[in-house]
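Right, one structure below, let's go through it.
The values are calculated or read from the model by the stated rules, or taken from the named source; none is laboratory data. Source: prediction; values computed, not measured. Neighbour counts run over all protein chains shown; Cβ positions are idealised from the backbone, glycine included. Protein only, heavy atoms only, side chains kept; ligands, DNA and RNA dropped before computing areas. Shrake-Rupley method; radii C 1.70, N 1.55, O 1.52, S 1.80 Å.
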Amino acid sequence: YLTEVFNSFGKEIPSLTILNSGCGMSEISENIYTTFGIKSITNIDYSVNAIRYMYQRTRNYPEMNWIVMNSKEMKFEKETFDVIIDKCLSDSIYCGDHPLTEIAFYYKEVYRVLKRGGIFLMVSYGEPKARMENLEKPYMLFDIKMIKLEENIKEENGHVLSKTNYVYICKKDPNQEFDEVLY
């Protein structure tokens, strides 16, 4: 789905700006860098250890940025990124102490730093009802496409484990400017 998302901008893919929010120790940024030639990739995570480890691991990708930052209080200017990737960060927030409040803060920040016409790409294990309810708030004008991915994994003991993921491709309204008053 990354190819579809990146091609939807109608400009040279390497010129896109990417934010990997809650990057952890995932290889997705490295894969984007090598597969698509996108160099402007900013990775943030609340964990100092994850950022330190990833910074060391990706020394061969000097254009990539690794920043310790809370995704619910991003220090970026508004409308900074073309694409924001959330690979299960939302799922982690939903498991916290005050999930509805925390997810609202996070999505507000995503919407603020996403350029008009930009795409918030979220991968989630959670059931879609809560995700859709929070993505469809009236102050966030997203055109949302949800894709259900199902996979059967055969374990060594012969059991089959069914695994379902959901991909949300959320395109920000190209005509709506972020307005702090909305919150």
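Structure data summary
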quantity	calculated
Yes/no for ALA130 being among the aliphatic types (A, V, I, L, M), more than 17 Å from LEU2 (Cβ to Cβ) and at pLDDT below 95	yes
Residue match in region 90-108 (condition: over 25 Å from GLY10 (Cα atoms), open to solvent by less than 90 Å² (accessible area, probe 1.4 Å), assigned to a strand (DSSP E or B) and without any contact (Cβ under 8 Å) to a residue 24 or more places away in the chain)	no
Top-ranked residue in region 120-143 [being in contact (Cβ under 8 Å) with a residue 40 or more places away in the chain and open to solvent by 40 Å² or more (accessible area, probe 1.4 Å); ranked as nearest to ILE84 (Cα to Cα)]	VAL123
Subset of region 165-183 that is open to solvent by 40 Å² or more (accessible area, probe 1.4 Å) and not in a loop (DSSP other than H, G, I, E, B) - its residue that is modelled with the highest pLDDT	LYS171
Odd one out for TYR55, checked against (1) under 17 Å from the mean Cα position of the chain (by Cα); (2) of a type in the set (Phe, Trp, Tyr); (3) open to solvent by 10 Å² or more (accessible area, probe 1.4 Å)	(1)
Residue identified as open to solvent by less than 60 Å² (accessible area, probe 1.4 Å) and either farther than 24 Å from GLU177 by Cα or not hydrophobic (A, V, I, L, M, F, W, C) (or both) among ILE85, ILE13, ILE32	ILE32
Selected residue (criterion: least open to solvent (accessible area, probe 1.4 Å)) from residues of region 144-163 that are over 16 Å from the mean Cα position of the chain (by Cα) and modelled with pLDDT of 90 or more	LEU149
